[in-house]
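A.B. asks: Please read through the structure below; I'll follow up with questions.
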Amino acid sequence: MKMEPINLYDFETIMRVKLPKMAYDYYASGAHDEITLRENHAAFDRIRLRYRVLRDVSQRDLSTTVMKEPISMPVVIAPTAFHRMAHPDGEIATTKAASKAGTIMILSTLATSSIEEVMEVATGPVWFQLYVYKDRGTTAGLVERAESAGCSALVLTVDAQIWGQRERDVRNCFRLPEGLSLKNLMPVGKEQLPRDVAGSGLAAYVTSLFDPALSWKDLDWLCSITKVPVLIKGVVHPDDARHAVDYGIAGVIVSNHGGRQLDTAPASIEALSGIVEAVEDGLEVLIDGGIRRGTDVVKALALGARAVGVGRPIIWGLAHDGENGVLRVLEILRSEIDSAMGLCGCASVEEISRDLIG
């Protein structure tokens with residue numbers, strides 16, 4: 001009898017065989033020696049939970065809010081590109097699953113479904129992840145479309161002005177499969193990755209079009225052209241978190257881009273405490289990178305995160321069974337968080353505190 005996946009690692013094992021090598025390597029790989037990629041989860045494994053006993057945990061509540069958005073558990077879907085490379089329904093399926101699970105979908109600029117297509121099926125909150133192009137008109141157009149379509153926050157990625165060297169993509173000469181494109185960039189003619197270059201077509205695209213001059217002063221410009229909250233994603237240094245407070249940013253996401261940018265950067269969970277201390281409750285802090293178990297989520301919340309973002313496991317679920325696969329990943333994680341909370345003596349997310357970390 002065929003066994004269904006029972007944890008997030010099972011999904012990856014299945015997908016390693018199911019997906020074409022170029023697609024699997026794109027989703028799974030990190031920069032250079034992939035040290036940070038591996039450390040993102042290994043660092044969670046080194047943290048111990050010092051649980052509490054003899055507390056009434058007969059009823060447990062996983063719900064919380066992020067940027068005033070109510071969500072059913074402290075997990076959101078982190079932005080990842082090219083969902084239709086994993087499944088024909090792509091970001092449409094992922095968004096439907098997020099809505100059914102009662103959480104936030106963060107849609108990538110580099111999606112293979114457009115903002116409008118996604119918002120048409122969304123029944124829950126959607127945020128839009130933004131890359132800044134050299135052509136600021138392109139960027140402003142994306143912001144306008146996201147806000148007009150109903151996205152309730154912008155997530156500016158700030159750690160990708162220069163693209164990390166992802167050697168698996170270079171060796172595979174990564175290209176999008178025929179028929180797929182960056183749908184959000186079609187109106188401005190920037191939807192295709194170059195095919196006439198050596199190495200990674202995505203790296204060539206980024207080098208050609210993304211703005212390496214992006215700096216703190218540009219945050220004033222970005223905030224001036226939108227009415228929705230702006231978060232910045234890719235923060236690991238406390239000084240940058242303090243700058244975010246000074247610039248009126250609504251939130252920060254502690255992230256090293258899934259280990260895909262600067263190799264040997266700290267694991268996200270290792271950077272979290274310093275960021276939380278730096279902002280002093282001045283803004284909300286989220287984290288992504290390496291979350292694979294419910295205990296990882298509890299650890300992140302105990303160290304001060306409001307919620308966690310999950311990226312690669314969502315792709316594994318999508319490739320396995322489309323919308324149902326993504327929903328299954330989220331429900332497995334929900335069950336593990338519920339169990340971990342109960343075993344730690346916490347009946348609600350608010351009861352997860354720093355003293356749980358041993």
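The values are calculated or read from the model by the stated rules, or taken from the named source; none is laboratory data. None of these values were measured; they are calculated from a predicted model. Reconstructed Cβ throughout: ideal geometry from the backbone, glycine too, with neighbour counts over all protein chains shown.
Matching residues to (1) closer than 20 Å to residue 355 by Cβ; (2) of a type in the set (Val, Ile, Thr); (3) in contact (Cβ under 8 Å) with a residue 24 or more places away in the chain:
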{"position": "44", "(1), (2), (3)": "yes, no, yes"}
{"position": "51", "(1), (2), (3)": "yes, no, yes"}
{"position": "59", "(1), (2), (3)": "no, no, yes"}
{"position": "63", "(1), (2), (3)": "no, no, yes"}
{"position": "68", "(1), (2), (3)": "no, no, no"}
{"position": "73", "(1), (2), (3)": "no, no, yes"}
{"position": "84", "(1), (2), (3)": "no, no, yes"}
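A.B. asks: Within segment 104-123, how many residues turn out to be farther than 16 Å from residue 155 by Cα and either within 17 Å of the chain's Cα centre (by Cα) or touching a residue at least 40 places away in the same chain (Cβ under 8 Å) (or both)?
C.D. replies: Residues in segment 104-123 being farther than 16 Å from residue 155 by Cα and either within 17 Å of the chain's Cα centre (by Cα) or touching a residue at least 40 places away in the same chain (Cβ under 8 Å) (or both): 5 in total.
A.B. asks: Of the residues 143, 121, only one is farther than 30 Å from residue 331 by Cβ and not small (Gly, Ala, Ser); which?
C.D. replies: Going through 143, 121 in turn, the sole match is 143.
A.B. asks: Filter segment 174-215 down to the residues that are small (Gly, Ala, Ser) and closer than 19 Å to residue 118 by Cβ and list them by number.
C.D. replies: 179, 181
A.B. asks: Turning to a different aspect of this structure: Just to be sure before I move on: is residue 292 in contact with a His (Cβ under 8 Å, 6 or more places away or on another chain), touching a residue at least 12 places away in the same chain (Cβ under 8 Å), surrounded by fewer than 24 Cβ atoms within 10 Å (Cβ to Cβ) and not β-branched (Val, Ile, Thr) in the structure I sent?
C.D. replies: Yes: the conditions hold for residue 292.
A.B. asks: A further question follows. Output the residues belonging to segment 195-229 that are small (Gly, Ala, Ser) and either modelled with pLDDT of 95 or more or closer than 19 Å to residue 256 by Cα (or both).
C.D. replies: 199, 200, 201, 203, 204, 208, 213, 215, 224
A.B. asks: Restricting segment 245-284 to residues that are of a type in the set (Ser, Thr, Tyr) and out of contact with any Asp or Glu (no Cβ under 6 Å at 6 or more places or on another chain), which is nearest to residue 40 (Cα to Cα)?
C.D. replies: Of everything passing the filter in segment 245-284, 268 is nearest to residue 40 (Cα to Cα).
A.B. asks: Same structure again: Quick check on residue 52: is it at pLDDT 95 or above, within 22 Å of residue 255 (Cβ to Cβ), basic (Lys, Arg) and out of contact with any Leu (no Cβ under 6 Å at 6 or more places or on another chain)?
C.D. replies: The answer is no for residue 52.
A.B. asks: Just give me the residues in segment 86-138 being closer than 19 Å to residue 310 by Cβ and basic (Lys, Arg), in sequence order.
C.D. replies: 96, 100, listed by residue number.
A.B. asks: Kindly establish whether residue 305 is under 29 Å from residue 11 (Cα atoms), assigned to a helix (DSSP H, G or I) and within 18 Å of the chain's Cα centre (by Cα).
C.D. replies: no
A.B. asks: Among the candidates 145, 195, single out the residue that is in contact (Cβ under 8 Å) with a residue 12 or more places away in the chain and either in a helix (DSSP H, G or I) or in contact with an Asp or Glu (Cβ under 7 Å, 6 or more places away or on another chain) (or both).
C.D. replies: 145
A.B. asks: From the list 352, 332, exactly one residue is within 26 Å of residue 84 (Cβ to Cβ), at pLDDT 95 or above and aliphatic (A, V, I, L, M). Which is it?
C.D. replies: Going through 352, 332 in turn, the sole match is 332.
A.B. asks: Select from segment 235-286 the residues that are polar (S, T, N, Q) and crowded, with 24+ Cβ neighbours inside 10 Å and write down the one among them that is nearest to residue 160 (Cα to Cα).
C.D. replies: Top of the filtered list is 256.
A.B. asks: Yes or no: residue 260 in contact (Cβ under 8 Å) with a residue 40 or more places away in the chain and basic (Lys, Arg)?
C.D. replies: So residue 260 passes the test.
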